[in-house]
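Engineer: Submitted below is the structure of interest, expressed as structure tokens.
Readers should treat all values here as calculations from the given coordinates under stated rules, not as data from a laboratory. Just so it is clear, the model here is predicted, and its values are computed rather than measured. As a convention, Cβ positions derive from the backbone with ideal geometry for all residues, glycine included, and neighbour counts pool all protein chains shown.
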Amino acid sequence: MNSEPTKNVIVIGAGLSGLTVAYRLKKQGHAVTVLEKENRAGGAIGSGRRDGFLWESGPNSGLDTTPLINELLDDLGIREERLGANKIADRRFIVRGGRLIPMPMSPMTFFGTPLFSYATKLGLLREPFISRSSPEMEESVAGFVRRRLGEEFLEYAVGPFVSGIYAGDPEVLSVQAAFPKLFALEQRYGSLIRGAILGARERKLKAEKSKNEAKSFSFKDGMQTFTDALAKSLNDVQLETSIESVQHEASGTWIVRGKRNNENKEWRAAAVVLSAPADVASALLAPFAEDAAAALKAISYAPVATLISVWKRDDIAHQLDGFGFLVPRSEGLNILGSLFSSSMFPYRANSDHAVLTTFIGGMRHPELPYKDDETLQQIMERDLSRLIHIKNPPLWTQIYRHPRAIPQYTFGHLQRIQRIDAAKKTHRGVFFCANWRGGIALGDCVKNGHDTADEIHAYFSETVPA
Ligand SMILES: Cc1cc2nc3c(=O)[nH]c(=O)nc-3n(C[C@H](O)[C@H](O)[C@H](O)COP(=O)(O)OP(=O)(O)OC[C@H]3O[C@@H](n4cnc5c(N)ncnc54)[C@H](O)[C@@H]3O)c2cc1C
């Protein structure tokens, strides 16, 4: 048995959440070790390169919803490598009747769009007069949107966005948990429209941005620039290290055990942060915090297959003049949508070629990501030929499967988080920071990482003698 010297904090999982907690803790003067199962840091974030093309197996871009992102990039010295999305990417398409229709982004374009009927457009004028729901009553995203904006808005706007963000089913996602800001707008202002106007003024004062206002960003060499820089600055990210147990000793010390190259390893720490997916965190907590473990186990994930395809530009009739498109359920297609990755950011492909990123599966078709490569490729080509009119197959396709792509914030999620957090009181020194709580977007992971580090720092100031 190989035993490492005592450290202040052990972080389990080197995704963006775990790396951000570790980075801030290190800045606050704590000794931190990050333990990661895979052979690279970054978790869901991963960039690939081949033949001069650049693509993402996970997130294609982040939204700068919080000033903490740029502060972190400045600190890491990679602000210069950041890329804002091309202006063209402001345009997002929704499929209706087999056609790509730009999502209206202003009141003028909203009233002119063929995406919604006149009844839906006029119905929006009623929205400020619809009374708010009881804050105690948990409502689905679908129920909330139907009640305030109508069925068509759900089908052709919110539904596709929910599958774009959560790969999820709006009928079972909790609006309070999955879209807390939307729920808060209704509770605070009694109307989404009134809230959007008044809320924008308040966010301006706090230098925050809503997801609508925030700009998409990536990096010249892809999203992995971010997590690579975080990992590099930490000096102590131990890869290929799979954690199998954590134990809380009567003395207050945490013992973390795992394996690297089949060798048993052990670490001791004053605090431990679980930044691994919910089922892994559940298994680690199960021996001593049964209820928290059960709550974590109940968090389900949407599986997604990401298909990167490289095309001769002339083989696609569509202009690819946007961010990409999302497919509503009622269109009866098998793909969830595609991103026009090489239109969004420079350096992804030369002008004779295009890189597309197509998503298949999610809660709409959870069985599809497990189909063989040939079947997935056929699904992609069939749907793309209908929508963007491809003349020839892609030059090549690369497929990534994410069995646990996105955690689903379904009914009861906030109660589950309370049950998980209760373990922090009974077992002092355990903390949680991962995308199964507090938001799945990259900006949420950065904010949660920042806040969790501050929580741990405060815990040390209270409990651990200098
Ligand atoms: C296909 C896809 C597309 C996405 N697109 C976007 C997007 O466009 N914009 C956006 O904002 N967000 C997007 N997201 C969501 C965002 O990428 C994630 O929510 C975020 O990266 C999660 O970070 P995390 O650190 O919480 O979790 P993860 O990245 O999942 O990290 C958890 C880490 O724990 C490690 N681990 C697991 N078990 C163990 C163990 N036993 N021991 C040690 N380590 C372990 C894992 O290997 C992993 O590295 C996307 C996600 C996916 C999958």
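Engineer: Would you please give the FRET efficiency between D74 and A196, computed as 1/(1 + (r/R0)^6) with r the Cβ-Cβ distance and R0 = 35 Å, to the nearest 0.05? If you can, show how the numbers build up before the last one.
Structural biologist: Working: r = 30 Å, r/R0 = 0.86.
After rounding to 0.05, the efficiency reads 0.70.
Engineer: Expressed in nm to one decimal, what extension gain is obtained for the pair N350 and L239 from 0.36 nm per residue of sequence separation less their Cα-Cα distance?
Structural biologist: On the way: separation 111, 0.36 × 111 = 39.96 nm, distance 3.44 nm.
Roughly 36.5 nm would be gained on extension.
Engineer: Along the Cα-to-C-beta direction of D51, a point sits 7 Å from the Cα; which residues of the stretch 300-320 have their amide N less than 17 Å from that point?
Structural biologist: Under 17 Å, as judged by backbone N against the label point of D51, lie 307-316 of the stretch 300-320.
Engineer: May I ask for the Rg/Rh ratio of the chain, computed from Cα atoms with Rh as the Kirkwood radius, given to two decimals?
Structural biologist: Values: Rg = 22.7 Å, Rh = 23.4 Å.
Rounded to two decimals, Rg/Rh equals 0.97.
Engineer: Another one. What is the sum of charges, Lys and Arg at +1 and Asp and Glu at -1, for the other residues whose Cβ falls under 9 Å from the Cβ of T306?
Structural biologist: Charge balance in the 9 Å sphere: 0.
Engineer: Summing +1 for each Lys or Arg and -1 for each Asp or Glu, what net charge is found among the other residues whose Cβ lies under 12 Å from the Cβ of A119? Before the final figure, lay out the partial values.
Structural biologist: Numbers: positive: K121, R126; negative: E151, E152.
Overall, the nearby charge balance is 0.
Engineer: Are there trypsin sites (Lys or Arg not before Pro) in the stretch 294-400 that DSSP marks as loop and that have at most 13 other Cβ atoms within 10 Å, and which are they?
Structural biologist: Values: sites: K297, K312, R313, R329, R348, R364, K371, R382, R386, K391; in loops: R348, R364, K371, K391.
Of the trypsin sites (Lys or Arg not before Pro), the ones in loops of the stretch 294-400 whose Cβ has at most 13 other Cβ atoms within 10 Å are K391.
Engineer: In addition: Kindly provide log₁₀ I(q)/I(0) values, in the same order as q = 0.16, 0.18, 0.22, 0.23 Å⁻¹, from the Debye equation applied to equal alpha-carbon scatterers of the stretch 166-283.
Structural biologist: -1.01, -1.05, -1.22, -1.27
Engineer: Within the set K297/K447; K26/K425; K37/K87; K297/K371, which residue pairs have Cα atoms separated by over 31 Å? Before the final figure, lay out the partial values.
Structural biologist: Details: K297/K447 24 Å; K26/K425 24 Å; K37/K87 38 Å; K297/K371 25 Å.
Among K297/K447; K26/K425; K37/K87; K297/K371, the Cα-Cα distance tops 31 Å for K37/K87.
Engineer: Summarise the long-distance tail of P(r) for the stretch 330-414 by giving the % of C-alpha pairs beyond 18 Å.
Structural biologist: 51 percent
Engineer: Oh, and also: Per residue of the stretch 342-359, what does 6.51 cos²θ - 1.76 cosθ + 1.60 with θ = phi - 60° give for ³J(HN,Hα)? Whole Hz please, x for Gly and Pro, Karplus curve as stated.
Structural biologist: 7, 8, 5, 10, x, 6, 8, 7, 7, 6, 8, 10, 9, 10, 10, 10, 10, 10
Engineer: Is the stretch 116-206 best put as rounded, prolate or oblate by its Cα gyration tensor, with a ≥ b ≥ c the root eigenvalues, rounded for a/c under 1.5, and otherwise prolate when a/b is larger than b/c, oblate when not?
Structural biologist: Rounded is the answer for the stretch 116-206, as its axis ratio a/c remains below 1.5.
Engineer: For the stretch 259-330, just the Cα atoms, rotate onto the principal axes and tell me the three extents in Å, largest first.
Structural biologist: For the stretch 259-330, the Cα extents along the three principal axes come out at 58, 36, 22 Å.
Engineer: Let me ask something additional. At 222 nm, what value in deg cm²/dmol follows for the chain if DSSP H runs of at least 4 each add -39500 (n - 2.57) and the sum is divided by all its residues, to the nearest 500? Working shown, then result.
Structural biologist: Values: 16 runs with 161 residues, N = 466.
Mean residue ellipticity, 222 nm, calculated: -10000 deg cm²/dmol.
Engineer: I would also like to ask the following. Tell me the angle of helix 67-76 to the major Cα principal axis of the chain, expressed in degrees between 0 and 90 and rounded to the nearest ten.
Structural biologist: 60 degrees
Engineer: Sort I197, I88, I379 by Cβ crowding within 10 Å, fewest neighbours at the top.
Structural biologist: I197, I88, I379
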